[in-house]
1. Just name the residue that is nearest to the chain's Cα centre (by Cα) out of those in segment 58-85 that are surrounded by 10 or more Cβ atoms within 10 Å (Cβ to Cβ) and in a loop (DSSP other than H, G, I, E, B).
2. If a residue must be without any contact (Cβ under 8 Å) to a residue 24 or more places away in the chain, surrounded by 11 or more Cβ atoms within 10 Å (Cβ to Cβ) and over 20 Å from residue 100 (Cβ atoms), how many such residues does segment 42-57 contain?
3. Looking only at segment 1-34, filter to residues that are modelled with pLDDT under 90 and assigned to a strand (DSSP E or B); which one of those is farthest from residue 60 (Cα to Cα)?
C-alpha cells in the first residue's frame, strides 16, 4: 500500500468498524493465482461470503471488532489472517460490524524470496 492511500483508510474508520485493503493487479505467478482461487472458493463454501482478497495484510479495525471476530477463531488455527477476513465478512452480513473494502496498490516483494 502506498503511504498516500492510508488517508482513505483513516477516513473510512469514521463510518466503519473494519477497513480492509483490497489489493488489485497483484501480478502473482500461476501458483499464487491458483492458491488464491482455491482459498476464495473454500471461504465461500464455508462462510457463504464472496471475498476477493482473503489474505490481505492491510487492515484497520477497532479493538472491539477484532475481539468479536477472534472469538470465532480456534486457538490452534494457523490461517488467522484468512479467517479474520471471512469472519468479518460474515459479521457484516449479519449486521454485527460495519466493514468496507478499499482498493489499494500492491507492489511486488522488495526483499526476500517468494516461495510460490
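The values are calculated or read from the model by the stated rules, or taken from the named source; none is laboratory data. Remember, predicted model here, so these are calculated numbers, not experimental data. Here the Cβ is made from the backbone with ideal geometry for all residues, glycine too, and neighbour counts use every protein chain on show.
1. Residue satisfying both the conditions and the ranking: 58.
2. 1
3. Selected residue: 23.
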